[in-house]
């Protein structure tokens, strides 16, 4: 992993088009400002991990579990 | 979509299941659910639901990259469907939740799909389906 030291208001540029600035530093919290083309997807890593975890839980719900819930919605025309 | 089993291709796979790209989409015995069944790994299937069934206000924001991967041109959404993965936890409340943060988006023309991530914080990974139906019915009767 590349590690760079930056101070408040300093920026790094990735691949000529993604700019990440240190907007503010308070205690152990760092506020980042990101300038990137719309096509670049930016998420907190927790979001990825959360969806991965939910997919794994969903894969464990068997279709039998669905049957065990019974006819919860009633009949739909 | 009609009753037939459809062969769906998910080129990027689902999060955590990246290597698996070929699925069959079929109706579950229980309305209104669908089953997404892996064609490559035995006993791997997901329960899906149309989010509009319990959240008529559901509109996931899709990125250009999402649309490009499933071959949809910008602003041509007529044949694009969003489906949510359902998790059933028999011993836990809520027993049945839907993931509206990571919907599966399907292009009905070519049956190519992708699991997207919505950036709207309103959509979470665990929506209590029954509670939301009740809340919605309550709102309607007011």
Test: residue in the range B:93-108 that is facing another protein chain (nearest Cβ under 9 Å), surrounded by fewer than 15 Cβ atoms within 10 Å (Cβ to Cβ) and in a loop (DSSP other than H, G, I, E, B): no
The one condition residue A:55 fails out of (1) at the interface with chain B (Cβ under 9 Å from one of its Cβ atoms); (2) modelled with pLDDT under 95; (3) within 30 Å of residue B:19 (Cβ to Cβ) is (2)
Looking at (1) modelled with pLDDT under 95; (2) closer than 17 Å to residue B:21 by Cα; (3) within 13 Å of another protein chain (Cβ to nearest Cβ), can you tell me which one residue B:83 breaks? (1)
Given the conditions (1) assigned to a strand (DSSP E or B); (2) within 20 Å of residue A:49 (Cα to Cα); (3) touching a helix residue (DSSP H, G or I) at 6+ places or on another chain (Cβ under 9 Å), which single one is not true for residue B:125? (1)
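Could you identify the single residue in B:72, B:86 that is in contact (Cβ under 8 Å) with a residue 24 or more places away in the chain and closer than 19 Å to residue A:65 by Cβ?
Checking each option against the conditions leaves just B:86.
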Selection status of residue B:114, modelled with pLDDT of 95 or more, within 25 Å of residue A:66 (Cα to Cα) and away from chain A (no Cβ under 11 Å): yes
Yes/no for residue B:133 being within 12 Å of chain A (Cβ to nearest Cβ) and touching a helix residue (DSSP H, G or I) at 6+ places or on another chain (Cβ under 6 Å): no
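The values are calculated or read from the model by the stated rules, or taken from the named source; none is laboratory data. Everything quoted here is computed from the prediction, not taken from an experiment. Please note: Cβ atoms are built from the backbone with ideal geometry, for glycine as well, and neighbour counts cover all protein chains shown.
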